[in-house]
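Heads up, the thing below is written out as structure tokens.
We did not get these values from a lab; they are worked out from the coordinates using the rules stated. This one's a predicted model, so the numbers in the text were calculated from it and none came from an experiment. Positions of Cβ are generated from backbone atoms using ideal geometry, with glycine treated the same way; all protein chains shown enter the neighbour counts.
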């Protein structure tokens, strides 16, 4: 189900709790994130659960290489290379802001089925994932 986008800076600045893909409530949050991202696809490439009012470590993102929407539970960046500065916008905030990012990242996470995964991402997809993990940590650009 498509959800309303949260724009409250105090709410978005709070870190999110771990999520359990086997919990029906957390699985529903992931499904709502996918629906909300799809509905906002013309102006958005990634979302974190706090953007729809839920303080859970769940993110969704457009995988630029595959053209699909990826879902991660409890993502953690384990490796990062190729630092650069960029300007980013956010569906929850107005305007763009400068922020540091990495060209290549490796991420540990759980799939929607609860399976542990380790994957590498590069380019714009890596940038999207970093932005959404920042949301999980309560970090706004």
Answer label for Cα Rg over 2.2 N^0.38 Å (calculated), chosen among (1) 1.92; (2) 1.24; (3) 0.95: (3)
Rel. contact order, % - alpha carbon contacts under 8 angstrom, at least six apart, the chain: 28
Highest-fluctuation residue, 66, 110, 37 considered, GNM on the chain with Cα pairs under 10 Å: 66
DSSP-defined beta bridges in the chain - what % are antiparallel, rounded to 5: 95
By average C-beta atoms within 10 angstrom, highest first, the peptides 123-130, 100-107: 123-130, 100-107
Additional length obtainable on full extension of the chain from residue 81 to residue 98, 0.36 nm per residue less Cα span: 4.3 nm
Helix-only [θ]222 nm of the chain, DSSP H runs n ≥ 4, -39500 (n - 2.57) each, per residue, nearest 500: -7500 deg cm²/dmol
FRET efficiency for residue 8 and residue 41, using Cβ-Cβ distance with R0 set to 22 Å, rounded to 0.05: 0.40
